[in-house]
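Report on one structure; see the data block that follows.
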Ligand SMILES: Nc1ncnc2c1ncn2[C@@H]1O[C@H](COP(=O)(O)OP(=O)(O)OP(=O)(O)O)[C@@H](O)[C@H]1O
Ligand SMILES: [Mg+2]
């Protein structure tokens with residue numbers, strides 16, 4: 001039986017057809033992958049199924065019955081739940097409070113807290129979603145927050161769960177746990193629609209995959225009879241190369257030098273403890289590590305967003321330790337930030353304005369105090385073309401772009417500034433395989449132009465593929481340096497977990 | 001022109017327009033229920049607000065401070081701040097203008113210019129305090145600006161009674177040289193109290209447009225308002241930005257105070273409570289979607305309703321309170337964004353953050 005069927009769905013936005021006669025049929029009890037390039041229309045299609053958007057054309061059937069999904073409440077009543085990529089939780093509230101919000105169990109007009117907590121505990125045990133019902137959202141990890149989102153849908157009786165890029169924000173360990181949870185859910189008879197750009201994940205747990213490209217359905221296939229290569233070319237419409245072609249690096253002078261740096265996190269705890277690091281011109285240094293071992297704080301300290309507690313940071317031999325972010329950027333540091341929506345973009349600004357977020361007051365974008373919008377938009381137009389950012393035009397608000405295209409816009413801006421040191425934190429998070437290939441090539445290109453690149457990534461694949469040297473961070477220090485040619489995932493994993501490795505490449 | 005559309009997008013225009021119509025409909029309903037003839041009342045209202053030169057002049061005089069307080073609130077909104085203290089900043093503006101107008105002796109044009117400038121600076125400084133508290137200590141501006149309103153009110157009253165008069169309830173008239181009245185202008189409008197403040201208000205509206213959407217500084221102010229984290233990342237000085245926004249907003253409020261004092265009343269008196277023009281600015285900004293042109297139009301509408309509503313009492317015997325209800329209803333409709341949901345139902349689309 002079909003749990004969900006969407007027929008001939010069309011959805012237009014100003015200047016773009018996001019969904020063009022899309023078909024999707026999902027069997028009861030399966031994990032169905034939705035695969036497509038950035039901006040292909042996956043989130044749009046799911047927002048339609050969840051009642052956030054109304055389709056311009058097309059029909060929807062739930063358990064073979066035609067339905068009109070007028071809003072999220074209607075969707076919930078039909079047993080559809082959605083876990084959004086950007087969470088919608090109330091930070092100061094507890095897990096239980098967040099879960100029951102809007103569907104509170106009451107007794108004599110008051111919220112029945114005990115019953116609520118019991119119910120939440122029951123559901124979480126049933127599906128192996130271990131969370132503390134009394135913890136506050138702001139105190140728990142991203143992975144836990146995601147579980148709360150899942151619990152929220154289950155609490156409302158969801159039979160069909162939509163996951164929009166749930167793994168993009170998770171560490172590899174958390175991804176493993178999520179996969180287990182998904183398997184539990186299916187075992188209990190739930191149906192899952194799963195959006196991801198990671199083909200490995202699809203091969204691992206999905207039954208069927210539907211591919212869409214530029215708003216149109218390309219086809220559906222059973223996962224058993226396909227391969228990553230085939231899926232990639234189906235999605236992009238051409239052969240995709242998974243390996244990065246790069247020459248031997250020819251490192252030059254030291255661009256970034258970090259000396260016994262100590263940085264405190266927001267709670268005042270030392271997150272970086274006496275760390276030393278060197279990145280030279282013409283090389284890519286990969287920064288590996290389990291999330292939360294001080295990587296974010298290190299990058300924030302280098303870019304001036306966080307104060308260094310002790311130690312020095314030198315750029316081309318000059319101290320930048322106590323400079324403001326602007327001064328650091330102007331001395332030649334580019335930064336692709338970890339959190340694109342929080343740091344990287346002003347969502348209510350046009351793409352054009354976002355492309356000059358640091359340089360708006362310089363020629364040619366300004367003349368004296370006055371902005372020169374024609375120049376700003378011309379600049380944006382060029383970047384949009386160069387980096388294949390899919391947007392109706394350069395005046396569209398960043399908010400209207402698909403997640404992956406927002407990311408591409410940031411990368412375009414930072415790479416185009418042509419900095420001596422490019423800091424890339426999770427640069428390909430949320431990008432499709434075609435776009436990843438493209439971004440990887442641009443990073444190597446920067447390196448070959450003699451720029452220094454510091455790449456932070458939670459994906460070991462990416463680190464291994466791109467880096468010339470790998471620094472593994474553990475507990476606020478560099479636990480060891482590895483040579484990507486001779487090391488492997490196991491060895492990195494060991495260092496990441498705090499272990500020791502015999503062969504190490506000397507720093508420098 | 002596409003750029004202009006962005007500042008004031010189509011849906012904002014529609015929201016405002018529909019809300020005004022709905023608000024007036026609610027007023028009409030009330031009048032019917034109370035046994036008045038709404039057509040007659042509204043007819044009298046508009047007729048008495050614009051058709052006679054004298055009324056037109058008085059309406060413009062009513063509109064003038066509304067534009068300025070609307071701009072004050074709107075600019076703050078656009079930069080992520082909620083300035084409830086416009087009322088107090090305006091009082092301080094009036095106070096400064098009165099001091100310069102009473103205590104200084106300067107040649108005519110210079111004197112009024114000095115008084116206006118003093119009011120602007122005073123308003124800005126009054127807003128500086130909550131701005132500083134917000135930027136440095138993170139104290140929410142709503143709380144501090146409300147408290148500053150009360151301090152302003154009492155400070156003004158105390159000074160009127162002590163330094164600016166001999167224990168009287170009001171000061172003397174300011175010197176003629178400091179006045180914003182211009183005889184020729186008054187004569188054109190049949191000796192109404194219209195004054196040059198309208199020019200100040202129009203210039204201020206244009207100034208806000210240029211500042212926010214044409215200058216690099218405005219780019220910063222807007223960016224910080226929308227997303228302080230990204231602005232910090234981009235190297236902008238978030239604290240300075242918050243402080244400047246607050247002060248520019250206070251400056252507009254101070255100018256409103258100058259217009260009231262140097263143009264309309266000519267003297268300062270003890271206030272029993274808040275006049276409310278500063279609070280009306282919130283309504284004006286909301287209806288005008290925080291854009292200069294929108295604020296101008298909204299101020300015109302509210303000015304017409306206020307002044308015409310006063311006359312409506314006499315012409316159609318409808319109490320003025322009905323007009324306040326219309327105000328409130330309009331604002332409720334804008335705030336609830338009712339028209340948007342009507343439209344989304346009709347066209348089947350809704351704006352949602354990207355997921
Ligand atoms: N609210 C909106 N207004 C205007 N255009 C939109 C809106 N939402 C999405 N779009 C456009 O519709 C297209 C499809 O976007 P969608 O978010 O569905 O892509 P996606 O497949 O989820 O991509 P990604 O993998 O990058 O998240 C994009 O070109 C996007 O710019
Ligand atoms: Mg998406």
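The values are calculated or read from the model by the stated rules, or taken from the named source; none is laboratory data. Keep in mind that what you see is a predicted model, and the values were worked out from it rather than measured. We place every Cβ from the backbone using ideal geometry, glycine too, and count neighbours over all the protein chains shown.
So the values come out like this:
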quantity: Qualifying residue in region A:420-427 (condition: modelled with pLDDT under 95, touching a strand residue (DSSP E or B) at 6+ places or on another chain (Cβ under 7 Å) and within 13 Å of ligand 1 (Cβ to nearest atom)); calculated: no
quantity: Hits in region A:39-74 - residues which are assigned to a loop (DSSP other than H, G, I, E, B) and within 16 Å of ligand 2 (Cβ to nearest atom); calculated: A:39, A:40, A:41, A:50, A:52, A:53
quantity: Single residue of A:390, A:331, A:382, A:340 found to be under 21 Å from residue A:443 (Cβ atoms), within 16 Å of ligand 2 (Cβ to nearest atom) and more than 17 Å from the chain's Cα centre (by Cα); calculated: A:390
quantity: Selected residue (only one of A:305, A:275 is outside the structural domain of residue A:396 (by TED's automatic domain parsing) and in a loop (DSSP other than H, G, I, E, B)); calculated: A:305
quantity: Any chance residue A:241 is within 22 Å of the chain's Cα centre (by Cα) and not in a strand (DSSP E or B); calculated: yes
quantity: Candidate set: region B:187-200, residues that are assigned to a helix (DSSP H, G or I) and surrounded by 16 or more Cβ atoms within 10 Å (Cβ to Cβ); chosen: the one nearest to the other protein chains (Cβ to nearest Cβ); calculated: B:200
quantity: Residue match in region B:254-262 (condition: closer than 25 Å to residue B:160 by Cβ, outside any helix (DSSP H, G or I) and either away from every other protein chain (no Cβ under 14 Å) or touching a strand residue (DSSP E or B) at 6+ places or on another chain (Cβ under 7 Å) (or both)); calculated: no
quantity: Flag if residue A:462 is in a helix (DSSP H, G or I), closer than 19 Å to residue A:16 by Cβ and away from ligand 2 (no atom under 16 Å from the Cβ); calculated: no
quantity: The listed residue being away from chain A (no Cβ under 14 Å), surrounded by fewer than 17 Cβ atoms within 10 Å (Cβ to Cβ) and either on the phi > 0 side of the Ramachandran plot or over 24 Å from the mean Cα position of the chain (by Cα) (or both), out of B:164, B:184; calculated: B:184
quantity: Exclusive hit being assigned to a helix (DSSP H, G or I), surrounded by fewer than 23 Cβ atoms within 10 Å (Cβ to Cβ) and at pLDDT 95 or above, set B:98, B:113; calculated: B:113
quantity: Elements of type helices (runs of 4 or more DSSP H) in region A:339-418, at least 2 residues being more than 15 Å from ligand 1 (Cβ to nearest atom) and surrounded by fewer than 20 Cβ atoms within 10 Å (Cβ to Cβ); calculated: A:373-386
quantity: Matching residues in region B:201-241 - criterion: being at the interface with chain A (Cβ under 7 Å from one of its Cβ atoms) and not in a helix (DSSP H, G or I); calculated: B:215, B:227, B:234, B:235
quantity: Meets criteria (under 26 Å from residue B:145 (Cα atoms) and touching a residue at least 24 places away in the same chain (Cβ under 8 Å)) for residue B:208; calculated: yes
quantity: Those residues of region A:327-336 which are in contact with a strand residue (DSSP E or B) (Cβ under 6 Å, 6 or more places away or on another chain) and facing chain B (nearest Cβ under 10 Å), in sequence order; calculated: A:335
quantity: Options A:180, A:230: the member that is under 29 Å from residue A:124 (Cβ atoms) and assigned to a helix (DSSP H, G or I); calculated: A:180
quantity: Residue within region A:311-326 that is out of contact with any strand residue (DSSP E or B) (no Cβ under 8 Å at 6 or more places or on another chain), over 12 Å from residue A:413 (Cβ atoms), within 9 Å of another protein chain (Cβ to nearest Cβ) and not in a loop (DSSP other than H, G, I, E, B) present; calculated: yes
quantity: Given (1) within 14 Å of chain B (Cβ to nearest Cβ); (2) surrounded by 23 or more Cβ atoms within 10 Å (Cβ to Cβ); (3) within 14 Å of ligand 2 (Cβ to nearest atom), index of the condition residue A:435 fails; calculated: (1)
quantity: Criterion (loosely packed, with under 15 Cβ neighbours inside 10 Å, within 21 Å of residue A:41 (Cα to Cα) and outside the structural domain of residue A:278 (by TED's automatic domain parsing)) met by exactly one of A:219, A:225; calculated: A:219
quantity: Residues of region B:44-75 that turn out to be surrounded by 22 or more Cβ atoms within 10 Å (Cβ to Cβ) and modelled with pLDDT under 90, as a count; calculated: 3
quantity: Residues of region A:253-262 that turn out to be surrounded by 13 or more Cβ atoms within 10 Å (Cβ to Cβ) and part of a loop (DSSP other than H, G, I, E, B), as a count; calculated: 0
quantity: Check on residue A:404, within 11 Å of chain B (Cβ to nearest Cβ) and in contact (Cβ under 8 Å) with a residue 40 or more places away in the chain; calculated: yes
quantity: Among the residues listed as A:41, A:29, A:81, the single one being within 27 Å of residue A:121 (Cβ to Cβ), under 24 Å from the mean Cα position of the chain (by Cα) and either within 14 Å of another protein chain (Cβ to nearest Cβ) or away from ligand 1 (no atom under 16 Å from the Cβ) (or both); calculated: A:81
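Let's see how each residue does on (1) farther than 24 Å from residue B:310 by Cα; (2) in contact (Cβ under 8 Å) with a residue 60 or more places away in the chain; (3) touching a helix residue (DSSP H, G or I) at 6+ places or on another chain (Cβ under 7 Å):
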{"position": "B:35", "(1), (2), (3)": "no, no, no"}
{"position": "B:38", "(1), (2), (3)": "no, no, yes"}
{"position": "B:68", "(1), (2), (3)": "no, yes, yes"}
{"position": "B:73", "(1), (2), (3)": "yes, yes, yes"}
{"position": "B:79", "(1), (2), (3)": "yes, yes, yes"}
{"position": "B:106", "(1), (2), (3)": "yes, yes, yes"}
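Matching residues to (1) surrounded by fewer than 18 Cβ atoms within 10 Å (Cβ to Cβ); (2) without any contact (Cβ under 8 Å) to a residue 12 or more places away in the chain; (3) closer than 20 Å to residue A:186 by Cα:
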residue	(1), (2), (3)
A:104	yes, no, no
A:123	yes, no, yes
A:129	no, no, yes
A:138	yes, no, no
A:146	no, no, yes
A:150	no, no, yes
A:153	no, no, yes
A:158	no, no, yes
A:162	no, no, yes
